[in-house]
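First up is the structure itself, then whatever we jot down about it.
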Amino acid sequence: MKILIIGANGEIGKRLVLGLEDKHEIITAGRSTGDIKVDISSKESIKDMFNLVTNIDACVCVAGDSYTGSLDSLDEEKLNVGIKNKLVAQANLVLIGKNYINDKGSFTLTSGKMGDKPGVNAVGKAIANGGVNSFALAAGLEMPRGITINAVSPSKVSNISDEDLINGYLKSIEGNTNGEIIKINY
Ligand SMILES: NC(=O)c1ccc[n+]([C@@H]2O[C@H](COP(=O)([O-])OP(=O)(O)OC[C@H]3O[C@@H](n4cnc5c(N)ncnc54)[C@H](OP(=O)(O)O)[C@@H]3O)[C@@H](O)[C@H]2O)c1
């Protein structure tokens, strides 16, 4: 399988690449690192990436910033960090990428536990993660050409074993799962 991983140099991405590269062809992408440079907060940059990398079976996104801080410290600008860089960025990846990815390909987005089991200082993350989850649930009903979409929602990744982390992502990448939130280590 040819798998494009955006955010491949991050905490989750590095572990995913190590877990998948033996069995699959991996193309890495990131803002400043990887085979392909992309900024997923820019539609033009996403289009450029899909024009460069062809014949993709699975597109995995483990990238997207959001704001961490108290409710008191929040304002519209801080909320928009996650909305723009994590929620809308990953939605755009699918809206654009579904025109390029192979038939029966898969999109795997990343949300996070703070979307449905938040702690304090997590409103900025919660709103982005909840949106990513809802996008995957609803978009899964309408994806064309047998393409699937899921959101992986990990808890704190440093507490997750490599096996659980990789199997969570593989459930979306390799399986027939569609329109689901795949929770890891809740
Ligand atoms: N770490 C956790 O415990 C955890 C738990 C639940 C959910 N999550 C979520 O999982 C995602 C990844 O987390 P992480 O901890 O692995 O992040 P990380 O270590 O900060 O790495 C993020 C990666 O994404 C790339 N990136 C960031 N913004 C980008 C953009 N606009 N366009 C393209 N690439 C971009 C970075 O590329 P460069 O290195 O090239 O700049 C980097 O490789 C985040 O959305 C995070 O909220 C993380």
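When the residues of region 115-124 are filtered to those that are over 15 Å from Y186 (Cβ atoms) and either surrounded by fewer than 24 Cβ atoms within 10 Å (Cβ to Cβ) or aromatic (F, W, Y) (or both), which remaining residue is nearest to the chain's Cα centre (by Cα)? Show your work before the answer.
From region 115-124, those over 15 Å from Y186 (Cβ atoms) are 120-121, 123-124; that's our starting set.
With either surrounded by fewer than 24 Cβ atoms within 10 Å (Cβ to Cβ) or aromatic (F, W, Y) (or both) added as a condition, the list becomes 120-121, 123.
Details: V120: 23, N121: 22, V123: 19 Å.
If we take residues in region 115-124 being over 15 Å from Y186 (Cβ atoms) and either surrounded by fewer than 24 Cβ atoms within 10 Å (Cβ to Cβ) or aromatic (F, W, Y) (or both), then V123 is nearest to the chain's Cα centre (by Cα).
K86 - would you say it is open to solvent by 50 Å² or more (accessible area, probe 1.4 Å) and of a type in the set (K, R)? Lay out the reasoning, then the answer.
Numbers: open to solvent by 50 Å² or more (accessible area, probe 1.4 Å): no; of a type in the set (K, R): yes.
So K86 fails the test.
Out of region 162-186, which residues are in a loop (DSSP other than H, G, I, E, B), out of contact with any Lys or Arg (no Cβ under 9 Å at 6 or more places or on another chain) and surrounded by 14 or more Cβ atoms within 10 Å (Cβ to Cβ)?
Passing the criteria: E174, N178, G179.
I want to confirm something. Restricting to region 79-114 and keeping residues that are assigned to a loop (DSSP other than H, G, I, E, B) and within 15 Å of the ligand (Cβ to nearest atom), which single residue is farthest from the chain's Cα centre (by Cα)?
Going through region 79-114, the residues assigned to a loop (DSSP other than H, G, I, E, B) turn out to be 98-105, 111-112.
Filter again for within 15 Å of the ligand (Cβ to nearest atom), leaving 111-112.
Working: S111: 7, G112: 10 Å.
Checked region 79-114; the qualifying residue farthest from the chain's Cα centre (by Cα) is G112.
Any residue in region 13-38 that is open to solvent by 30 Å² or more (accessible area, probe 1.4 Å) sitting within a Cβ distance under 9 Å of a residue that is among the aromatic types (F, W, Y) and assigned to a helix (DSSP H, G or I)? List the pairs, counting only those 6 or more apart or interchain.
What qualifies is G19/Y169.
State all residues of region 135-161 that are more than 16 Å from the ligand (Cβ to nearest atom) and open to solvent by 40 Å² or more (accessible area, probe 1.4 Å); if no residue qualifies, say none.
L137, A138, L141, E142, P144, R145, G146
The values are calculated or read from the model by the stated rules, or taken from the named source; none is laboratory data. Because the structure is a prediction, the values reported are computed rather than measured. Positions of Cβ are backbone-derived with ideal geometry, glycine not excepted, and every protein chain shown enters the neighbour counts. We work out accessible area using only protein heavy atoms, side chains counted, and drop any ligands, DNA or RNA first. Shrake-Rupley method; radii C 1.70, N 1.55, O 1.52, S 1.80 Å.
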